Amino acid sequence: MRATLLLAAGFVLYATLAAADGYPPIRAKVTPIQVTPRVYYVQGKPGIASAENEGFNSNAGFVVTDAGVVVIDALGSPALGHALLEAIRSVTPQPVKRVILTHYHADHFYGVEPFKEAGAEVWAHRAALAYLESGEAERRRAQRAHDLFPWVDDAMKIVRADRWLDEHTTFKLGGVGFEIHHLGPAHSPEDVIIVVPQEGVVFSGDILFAGRIPFVGEADSRRWLERIDRLLEMKPRIMVTGHGELSRDPEKDLALTREYLLYIRAVMGKAVEEFVPFEEAYAKADWSRFARVPAFDAANRINAYGTYLLMERELLAK
């Protein structure tokens, strides 16, 4: 059993007495934050996933309808997925009917197994199949098992979606309409956003990192910038981000992600055009605009190197 402590200020769950099957307990607080009458989210810690934050560095959300709950993303470990499920149960007795994954990155889908066990159906975009079938999913799990053991280990199940989505999908549940739009490739090839029109809410996944350096890695940053512009054209009132606080001013809050992507492309692109080696270009770049933003130390060098390689490919394709 999992003990929960209900605070007067809101529902705050302490997953301290038990955890997911076969995994030790977590100390992380998984707190449902109400956004609209039907929409809630939980907010992870700043920075990258680590033993210190027990892998709780991403956000997840859920929408309560009259016929069940729709969950968006499932956090970064089976134990965190259990804590999220308990958080939902503290808000509503409605069963979780569906989990929609914005993308197949570890911090967003490793918690999905408890939802499957509870009877939920998992949806994701079919572009994730390339990741799952390449062996990369297993390699990533091994890396996470090293960083987040004992909450993630080599035996953790990699859950595949029950339904693979195409470009755009709409559905209704319990009187609430949902729109799923494929905006990848951006942060990942399979990026989707989930729009709940009657609530004025968009779940952006990792197209928007609020208050921290985005993880770029090998992402297609040129298309990512295009997708940011497309997202803004939707004029969302509220955007629940993949990381950080929700945004009530998406145009303003998308600025950091946009500025960072533009800058890293400009610096690495110039180095490629002038045949400057990566190490030299990285050392000479002025990173002061971003150096104090959370996750800079962990992500920036990886982002820069991935972008350097991307700019080489873009140059050769001209």
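The values are calculated or read from the model by the stated rules, or taken from the named source; none is laboratory data. In this text, all values refer to a predicted model and were calculated from it rather than measured experimentally. When we count neighbours, we look across all protein chains shown, and the Cβ atoms used for this are built from the backbone with ideal geometry, even at glycine. Ligands, DNA and RNA are stripped out before the accessible areas are found, and what is left, the full protein with its side chains, is counted by its heavy atoms. Shrake-Rupley method; radii C 1.70, N 1.55, O 1.52, S 1.80 Å.
A few notes on this one:
- Count of residues meeting criterion [outside any helix (DSSP H, G or I) and surrounded by fewer than 24 Cβ atoms within 10 Å (Cβ to Cβ)] in segment 63-89: 5
- For segment 186-220, the set of residues classified as among the acidic types (Asp, Glu) and either crowded, with 24+ Cβ neighbours inside 10 Å or closer than 17 Å to residue 33 by Cβ (or both) consists of 190, 191, 199, 206, listed by residue number.
- Residue tally, condition in a helix (DSSP H, G or I) and touching a strand residue (DSSP E or B) at 6+ places or on another chain (Cβ under 6 Å), over segment 100-150: 2
- Within segment 81-103, the set of residues being within 23 Å of residue 208 (Cβ to Cβ) and either out of contact with any Pro (no Cβ under 9 Å at 6 or more places or on another chain) or free of Cβ contacts under 8 Å to residues at least 40 places away in the same chain (or both) comprises 98, 99, 100, 101, 102.
- Residue list for segment 230-242, restricted to those being modelled with pLDDT of 90 or more and either open to solvent by 50 Å² or more (accessible area, probe 1.4 Å) or over 28 Å from residue 268 (Cα atoms) (or both): 237, 238, 239, 240
- Some residue of segment 179-189 being at pLDDT below 95, closer than 23 Å to residue 240 by Cβ and either of a type in the set (Val, Ile, Thr) or in contact with a Pro (Cβ under 9 Å, 6 or more places away or on another chain) (or both): yes
- Candidates 215, 171, 209, 203, filtered to the one that is farther than 21 Å from residue 254 by Cβ and either modelled with pLDDT of 90 or more or within 14 Å of the chain's Cα centre (by Cα) (or both): 171
- Hits in segment 127-148 - residues which are without any contact (Cβ under 8 Å) to a residue 60 or more places away in the chain, closer than 29 Å to residue 24 by Cβ and either within 18 Å of the chain's Cα centre (by Cα) or open to solvent by 30 Å² or more (accessible area, probe 1.4 Å) (or both): 131, 132, 136, 137, 138, 139, 140, 141, 142, 143, 146
- Segment 104-114: number of residues that are without any contact (Cβ under 8 Å) to a residue 60 or more places away in the chain and either farther than 25 Å from residue 184 by Cα or crowded, with 24+ Cβ neighbours inside 10 Å (or both): 4
- Residue count, segment 44-57 (criterion: in contact (Cβ under 8 Å) with a residue 12 or more places away in the chain, farther than 20 Å from residue 290 by Cα and not aromatic (Phe, Trp, Tyr)): 6
- Residue match in segment 176-191 (condition: farther than 30 Å from residue 264 by Cα and under 16 Å from the mean Cα position of the chain (by Cα)): no
- Within segment 278-298, tally of residues that are more than 16 Å from residue 311 (Cα to Cα) and of a type in the set (Ser, Thr, Tyr): 1
- Filter result (more than 29 Å from residue 153 (Cβ to Cβ) and in contact with a Leu (Cβ under 8 Å, 6 or more places away or on another chain)) within segment 64-100: 65, 67, 68, 70, 97
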